[in-house]
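A.B. asks: One structure is given below, represented as C-alpha cells, and several questions about it will come after.
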Amino acid sequence: MLSKTYSLGIVGVDAIVVEVEVDLMKGLPGFSIIGLPDSVIKESKDRIRSAIENSGFEFPPRNFIVNLAPAGFKKQGANFDLSIALAILHSTNQTEFNPAAIPMAGELSLTGEVRPVRGAIAMAITLYRNGFKKLIVPYENRNEACAVSEIEIYPVKTLEDVIAVFEGRIPVYTPDRSSDWDDPVPDNYPDFSEVCGQESVKRAVEIAAAGHHNLLMYGPPGAGKSMIAKCIPGILPRLSRDKSIETTMVHSIGGKLNYGDGLISLPPFRTPHHTASDIALVGGGKIPGVGEITLAHNGVLFMDEFIEFKNNVLQALRQPLEDNFITVSRAAGTVSFPADFMLVASSNPCQCGFLFDEDVECKCTPMQIKKYFSKIAGPILDRFDIEVYVPRVAYRQLMGKIESEKSLHIKRRVEKAREIQLSRFGENGPEVNSRMSSAMVKKYCYVDEHDSSFLSNAMKRMNLSPRSFFRILKVSRTIADIEGEREVQKSHILEALSYKSLNRYYDV
Ligand SMILES: [Zn+2]
C-alpha cells in the first residue's frame, strides 16, 4: 500500500514542501530512499528502524521504497526522519489516521526521541504560503516556528508524541508572548557613556547608524576603535517584524539559533576574525551554507583589523556590498543568500599605526605606507560611506569629569532619523538612506546648481571617484534627517565630505 506524508527541505534560506511516499514492493526485505537524498538521509534507515521498534511498533521485513519528491533538488539533513517513519507505520497498517494531514519535520534518535532541526521558521513560512494550516516540529523548535502565527504548531518530544498529535491527544501550542517585544538595550554590549572623549567619532558613528552607512574607523593602536564598534548595537533601532522574521530565518538555517529561542528582534552583530576564510565570510561549501555576511543580514558586520583579512576575502565582499545579497554556486546548485548588512571596519592607517598621531612619530617609509594602504584603496574604500579618524585620547580627557552621553539617548535620535526615512520612502521603498537608488538620490537629496558644482570640485580636489558622489549625498541626507531639516544644505554636504578624507592622504 502506498502511503504519503509531507515534510520540508531547505534550499538556501527557503523551505520547500517535500512529499514523502513509501511503497511496499515485492521482493526480498529492503529499504531504499530515492529522490536525491544526501548521505545523512541515506543513514536515516538505521535510525528509523530502531526508533520504530523502540517506540513499541514493528518494522516488518518487507521491501520499502521511499521516494522524496520533487526530485529536482538535493535533500539534506535529517528533517525527513519523522515523515518517513509515519509513512512506514501507515503502509504497514499499524496506524489508522491519514499521516498526510499534518506536515512534519524532525530527526529521530535510535530510541525514538525527536531532535531539533534547522530552519523551522522558514518551514512555517513556506507552509503558510502553500495553504497549509498545521506543522509538527521538535519541541526545541516550538518558539521559533510559532513566529508565524497563522500556522498551528504541535511540538513533539518522541515518535509516540507524533502519533498522539494525529489522534488529537496533544493540543496546539500557545506560546508565551508576553516577553516577545519588550527587551531593552542588550546589556552584554558596552555603553557609549563608557567611551571617554571621542565626540567627533561618536558623531560619525551616530550618522552611520541612522542611515545604515558603511563605516571605516582608522587610527593608532589603543585608541579604542573596537570598543566603539561594540557600542554600535546599543544605538540601533529594534528590527521591524518583517526584518525580524527574515533575520530569524537566516540564523535558523545557519544553525545559529539557540533552540527554544523565539524571534530575533535586535539587529545582529557579527565579528569574524581576520583569519576567516572567504567561505566562512560569504558562505558556500559543498552544500551551500550561509556565511558571516548573511548572519549579519539586517545588522552589523564588524571587521576588526580590516587590512589583516586575506585579500581574496576582501575581494569577495565587493559583490554583496553592492547588491546586498550573495550568490554562491557549487556542484549542488546555485543559491542566493540575503546579505544586507552595515559594514563597520577598523584599521591602523599604516604598518606602525601612528601615521596621523600627534605625539608618536610614524616609522614607516612612504613606500610602506602606500603598500599598506593599497589593500583597501580603490574599489573597497569606495564602498565605505564614512571614514573617521579615531585618535588616542589624551590623559586629561580620560580623567576628565565630563559626563559622556548614554547609548540610550543616542539611540533615540537614531530612531527619530529612521522614522523620518521610513515616512519619506513609504511602504515599498527602502527603510534607510544608504539603500536609495540613484533616481531617489536625485529626488530626495536635491542640491542646487551652485552646491552641486561645489561638491564636484571638492571631489576632484580630494581625489574621489565619481561613484562616491551618490554616497556623499546619501550621507548628507542622513545628516539633514538627524538635524530634522527637510532640504539637504551645504553644511550637511561639507560634513559628509569630511568623512571621505582618506584617499587624499595616500595620493592613490
Ligand atoms: Zn607608520
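The values are calculated or read from the model by the stated rules, or taken from the named source; none is laboratory data. Bear in mind that the values here come from a model prediction, so they are computed numbers and not experimental data. Every residue, glycine as well, gets a Cβ built from its backbone with ideal geometry; the counts of neighbours run over all protein chains shown.
A.B. asks: Taking residue 179 as meeting all but one of (1) within 23 Å of the chain's Cα centre (by Cα); (2) modelled with pLDDT of 95 or more, write down the number of the exception.
C.D. replies: Looking at each condition in turn, residue 179 falls short on (2).
A.B. asks: Which of the residues spanning the stretch 214-265 are modelled with pLDDT of 90 or more, in a loop (DSSP other than H, G, I, E, B) and either of a type in the set (A, V, I, L, M) or closer than 16 Å to residue 143 by Cα (or both)?
C.D. replies: 223, 236, 239, listed by residue number.
A.B. asks: Taking the stretch 454-508, which residues are assigned to a helix (DSSP H, G or I) and in contact with a Gly (Cβ under 8 Å, 6 or more places away or on another chain)?
C.D. replies: 474, 475, 477, 478, 481
A.B. asks: Please go through the stretch 127-149 and pick out each residue that is part of a helix (DSSP H, G or I), surrounded by fewer than 24 Cβ atoms within 10 Å (Cβ to Cβ) and of a type in the set (D, E, K, R).
C.D. replies: Answer for the stretch 127-149, where residues must be part of a helix (DSSP H, G or I), surrounded by fewer than 24 Cβ atoms within 10 Å (Cβ to Cβ) and of a type in the set (D, E, K, R): 129, 140, 142.
A.B. asks: Within the stretch 368-385, is even one residue within 16 Å of the ligand (Cβ to nearest atom), in a helix (DSSP H, G or I) and free of Cβ contacts under 8 Å to residues at least 24 places away in the same chain?
C.D. replies: Looking for residues that are within 16 Å of the ligand (Cβ to nearest atom), in a helix (DSSP H, G or I) and free of Cβ contacts under 8 Å to residues at least 24 places away in the same chain, one finds at least one in the stretch 368-385, hence yes.
A.B. asks: Quick check on residue 44: is it under 20 Å from residue 119 (Cβ atoms) and crowded, with 19+ Cβ neighbours inside 10 Å?
C.D. replies: yes
A.B. asks: Further question: Taking the condition of being farther than 15 Å from residue 321 by Cβ and exposed (fewer than 15 other Cβ atoms within 10 Å of the Cβ), how many residues in the stretch 357-389 meet it?
C.D. replies: 11
A.B. asks: Going through the stretch 78-126 one residue at a time, which ones are assigned to a strand (DSSP E or B) and over 17 Å from residue 18 (Cβ atoms)?
C.D. replies: 113, 114, 115
A.B. asks: Among the residues of the stretch 14-29, write down those that are assigned to a strand (DSSP E or B) and at pLDDT below 90.
C.D. replies: 14, 25
A.B. asks: Failed condition for residue 392, given (1) surrounded by fewer than 16 Cβ atoms within 10 Å (Cβ to Cβ); (2) farther than 29 Å from residue 466 by Cα; (3) among the charged types (D, E, K, R); (4) within 16 Å of the ligand (Cβ to nearest atom), with all others met?
C.D. replies: Of the numbered conditions (1) surrounded by fewer than 16 Cβ atoms within 10 Å (Cβ to Cβ); (2) farther than 29 Å from residue 466 by Cα; (3) among the charged types (D, E, K, R); (4) within 16 Å of the ligand (Cβ to nearest atom), the odd one out for residue 392 is (1).
A.B. asks: Here is a further query. Starting from the stretch 341-361, keep only residues that are closer than 20 Å to residue 384 by Cα and of a type in the set (Val, Ile, Thr), then list their pairs with residues that are more than 6 Å from the ligand (Cβ to nearest atom) and assigned to a loop (DSSP other than H, G, I, E, B) whose Cβ atoms are within a distance under 8 Å, requiring at least 6 positions of separation or different chains.
C.D. replies: That search, which allows pairs on different chains as well, returns 344/214.
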